[in-house]
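Enquirer: What follows is a single structure, and I will ask about it in a moment.
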Amino acid sequence: MSTNTTTWHTIREASMISGLPESTLRYYEQIGIIDPIARDPSSGHRAYSDADLESLSTISCLAATGMPLESMREYLKNRFDGPEGARRQMALLDAQALRLAAKAESIRMQQAYVSFKTLYWRAIAEGREGDAEQLLAENRDIVEKVKRMQIGGKGDGQ
């Protein structure tokens with residue numbers, strides 16, 4: 001018995017192992033994020049190898065960070081390019097870290113807005129209109145920043 005036997009997995013198994021929906025696996029193959037998947041000669045169904053599953057694990061993690069598809073495609077191509085590929089990987093990951101930092105800042109601003117509005121409505125509910133007006137005056141910058149997030153297309157449409 002050979003120790004190099006490949007274990008083949010169905011798309012359902014690949015989906016369960018990677019955490020990516022079957023439709024996403026088909027889509028990623030269609031647009032070239034993942035290489036074409038072998039087909040079972042008798043059924044024509046996709047047959048994922050262990051190596052395919054390793055790639056899907058990487059893809060699943062990159063997708064979880066919100067990395068753009070084009071960056072994911074490039075990341076997967078760079079994996080086997082030695083030191084030069086490693087430098088390109090670092091640049092892709094640095095760019096993703098910046099996107100995540102901007103998103104985190106956006107979330108912090110949204111949290112600040114929600115906290116301030118909670119205090120505002122608590123003051124209204126308790127009949128402290130003067131305190132409520134003062135909160136509005138003191139937090140105009142937060143309101144403006146949150147508005148700009150929406151106008152600039154950086155918000156989540158909330």
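Read the figures in this text as sums done on the coordinates, not as results from a lab. Note that the coordinates shown come from a computational prediction; the quantities given were computed from them, not determined experimentally. For neighbour counting, all protein chains shown are included, and Cβ atoms are generated from backbone atoms with ideal geometry for every residue, glycine included.
Enquirer: In the chain, which helices (entire DSSP H runs) extend 24 Å or more along their own long axis, judged by Cα positions, while averaging at least -1.0 on the Kyte-Doolittle scale?
Expert: Passing helices, by number: 82-125.
Enquirer: Kindly count the pairs of lysines across the chain whose alpha carbons are less than 20 Å apart, treating pairs on different chains or eight or more residues apart as eligible.
Expert: Number of lysine pairs found: 6.
Enquirer: Further, regarding this structure: If you find the alpha carbon centre of region 98-125 and of region 28-64, how far apart are they in angstrom?
Expert: 40
Enquirer: A further question follows. Could you order the peptides 111-121, 125-135 from most to least packed, using the average number of other C-beta atoms within 10 Å per residue?
Expert: Peptide ranking by packing, descending: 111-121, 125-135.
Enquirer: Against the 2.2 N^0.38 Å scaling, with N counting residues, where does region 1-64 land? I'd like the Cα-based Rg ratio to two decimal places.
Expert: 1.10
Enquirer: From the list (1) 17.5; (2) 19.6; (3) 17.1, can you say which value of Kirkwood radius over Cα pairs in Å was derived from the structure given?
Expert: The listed entry that was calculated here is (2).
Enquirer: Still on this structure, I have one more. Would you mind calculating the gained length between Thr58 and Ile151 on full extension (0.36 nm times residue separation, minus the Cα-Cα distance), in nm to one decimal?
Expert: Going from the current span to full extension adds 30.1 nm.
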